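Right, one structure below, let's go through it.
Each value in this text was obtained by applying a stated rule to the coordinates, not by laboratory testing. Just so it is clear, the structure is predicted and the values come from calculations on it, not from any experiment. A quick note on method: Cβ atoms are made from the backbone with ideal geometry, for glycine too, and the neighbour counts reach across all protein chains shown.
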Amino acid sequence: MKSKSKIETTRRHGKMYGQKHETILEELAAAMTVESMSETTNNTPDYCREELILLNKSTRVSRITLLPGRHLPLRKLDDEVVQWIVATGTGLVRIAHCQRTATAGDHVLIPPMASHSLEAVGDNPLVMTEVRQW
């Protein structure tokens with residue numbers, strides 16, 4: 001409970017996005033009951049690496065690395081809220097009919113039923129954390 005309350009306090013005071021990327025994940029993981037963990041998933045294409053960090057009944061946390069010039073295809077998740085937290089690189093985010101650039105430190109919230117895609121732009125890989133909640 002102590003970790004969960006720390007996360008809630010951090011969000012309440014608006015400091016969540018100013019903290020180090022890894023610290024947020026450690027706090028999130030400590031606040032949840034972990035049912036399974038794995039190092040990498042095997043269902044991603046060669047230009048995209050996904051490392052599963054946490055999986056439980058309602059949440060999946062992954063670190064995704066996308067090579068420059070490559071993209072994740074357009075998808076729409078009916079019952080899931082998706083959050084992307086960019087660690088390094090630059091991405092072109094498309095949600096419904098809108099698009100914007102996301103860089104290190106940016107947080108993107110994708111509501112259920114919203115079609116979305118992501119493209120790594122620039123010379124460096126895009127590294128981000130994806131949090132999916134259902």
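A few comments on the model shown:
- The set of residues in segment 76-134 being assigned to a strand (DSSP E or B), loosely packed, with under 13 Cβ neighbours inside 10 Å and aliphatic (A, V, I, L, M) consists of LEU109 alone.
- Matching residues in segment 52-70 - criterion: being under 15 Å from the mean Cα position of the chain (by Cα) and within 13 Å of PRO125 (Cα to Cα): ARG63, ILE64, THR65, LEU66
- Complete set of residues in segment 88-134 that are without any contact (Cβ under 8 Å) to a residue 12 or more places away in the chain and of a type outside the set (A, V, I, L, M, F, W, C): HIS97, GLN99, ARG100
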